[in-house]
1. Could you please give the count of residues in segment 101-121 that are under 15 Å from the mean Cα position of the chain (by Cα), within 15 Å of the ligand (Cβ to nearest atom) and without any contact (Cβ under 8 Å) to a residue 40 or more places away in the chain?
2. Could you please give the count of residues in segment 101-121 that are of a type outside the set (S, T, N, Q), surrounded by 14 or more Cβ atoms within 10 Å (Cβ to Cβ) and part of a helix (DSSP H, G or I)?
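None of the figures in this text is laboratory data; all of them are computed from the coordinates on show. Since this is a predicted model, take the numbers as computed values, not measurements. Don't worry about glycine lacking a Cβ; one is built from the backbone with ideal geometry, like all the others, and counts go over all protein chains shown.
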Amino acid sequence: MNRVMILNGPNLNLLGVREPDIYGATTLDEIKQNCEREANKLGLAISFHQSNHEGELVDLIQAARQDADAIIINPAGYSFTSIAMVDAIKAFDGVVIEVHISNIHARDEHHRHSVISHAVRGVICGLGPYGYVAALSALSEMWKEAKTA
Ligand code: CA2
């Protein structure tokens, strides 16, 4: 069974609690439940994490080298600053998909340019919490295609 590590960066634990006009009313726990439901449907094994600490996220990305075949990551505020996370992602051999709940391209200039994006396979943004489910579905399609190729 393919394994997917889902990583969430700083402040995403506040989803659904603060700023629902930008990030919506869905909580991170509800996003986790949606991911678990989709993963069951697709036959994928997932682990789901949130951290407010850059080093902890780097440790998790490094752990994925052994523990996961793909990473879905919402780096949140670290999207715009973290070269350490870019370096860790580059050392991971599997597929990485970056997800943002909001459309970062429609935001102010500080929220527009993710330094992570050039190191990942694909970026999903602006689709709300569905972006995580879409990322799982995309991975499942990739692995299906790889099997039949
Ligand atoms: O849209 C996304 O998923 C973001 O990664 C969320 C980040 C933001 O810096 C990115 O530009 C886009 C912020 C996450 C903070 O989440 C909060 C949720 C509720 C209240 C306050 C912050």
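1. 5
2. 3
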